[in-house]
Structures are given as C-alpha cells and as structure tokens.
C-alpha cells in the first residue's frame, strides 16, 4: 500500500515558489528539454524530482490535435522529471516532459512552453523497470487529480503567466 499522497498542493491553487516557466523546441517525441541555466535560471536551485503542471504546444496547422478554435497553442496537463534518472545511470541533468494526452500523430519541432505548478516527489532509483513504470503511472494520476481542481487551471494564476503561456510566437 502506498503512503504517497494522491493529490498535492493546497485547494486554493499553487503557492510560491510556483509557477516556474520553461520553453523550448522539441526535437524528439519524448519531449526532452535541455537544462539550461541561462534560459531557466530557477532550474539550478530546484530539487531533482517529479513536477506537474501544464504544457502548451504550438502545433502545426494540419496537426489533428491543434485546437479547432484557431488558437496557436494547444494546452495539456503534464508531469515532468528534472534530474539524472538514476535508473538509467545518466550523468547529465535533464528535463523530461510527459504530456498527459494521446496524440494522433507526432509533434516534432513543435514549440513547447511549460507552466510548472507543483512538486510530486523526489527523484529515486529503482530495482526494476516495473517499479519505475508503476511510479510513473502513479505520478500521472497524482498530476491529473491535482490539476482537476478549480484553482489549478493553467489560466487561474497570475495573468502574466497565463498570457505568456499561450501568446503567439
């Protein structure tokens, strides 16, 4: 039985130091982003671990998941790992985003922005791939439940964060 919380954060919404903001161009479908202290100065000071929030993607006009409203960005819930992924013995810190949506097709070279609203857990090593996958699935459920609350919508925080998140390129 897990002792991990099934929802994280206050009912009233994210509290400082959140939200963190990040953006980049995706080169591969796993949504790995460079950890760049110059572009995201806050990243050097956050603990390695699993975070959650929202991802906005500037999908091409012909992409089936692009909003029919004509908006330039489509918004999806996400979880992300910031750290070294000790199970895979990585030596370079990375940021890996998992968008909680089943895409109809890949989104290579799409511009992505992240609004990170909270922290789920610390990074840890695993004895097996099955244990890692179980925790990833649990993290996804925690993120979905946490973001489903009214005050945790991508547009519920500071106006300047919401404006930046979906402003046209």
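Every number here is computed from the coordinates shown, using simple stated rules; none is lab data. Predicted model, so just to flag it, every value in this text is computed and none were measured. For neighbour counting, all protein chains shown are included, and Cβ atoms are generated from backbone atoms with ideal geometry for every residue, glycine included.
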Subset of the range 67-93 that is touching a residue at least 60 places away in the same chain (Cβ under 8 Å) and under 13 Å from the mean Cα position of the chain (by Cα) - its residue that is surrounded by the fewest Cβ atoms within 10 Å (Cβ to Cβ): 75
Tabulated pairs, the range 112-124, first assigned to a loop (DSSP other than H, G, I, E, B), second surrounded by fewer than 23 Cβ atoms within 10 Å (Cβ to Cβ), C-beta under 6 angstrom, 6+ apart or interchain: 123/48; 123/49; 123/83
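If you check 54, 42, which single one turns out to be part of a helix (DSSP H, G or I) and in contact with a strand residue (DSSP E or B) (Cβ under 6 Å, 6 or more places away or on another chain)?
42
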Output for the range 109-134, where each listed residue is in contact with a strand residue (DSSP E or B) (Cβ under 8 Å, 6 or more places away or on another chain), surrounded by fewer than 17 Cβ atoms within 10 Å (Cβ to Cβ) and farther than 28 Å from residue 66 by Cβ: 121, 122, 123
Hey, residue 142 within 15 Å of the chain's Cα centre (by Cα), in a strand (DSSP E or B) and farther than 22 Å from residue 37 by Cα or not: no
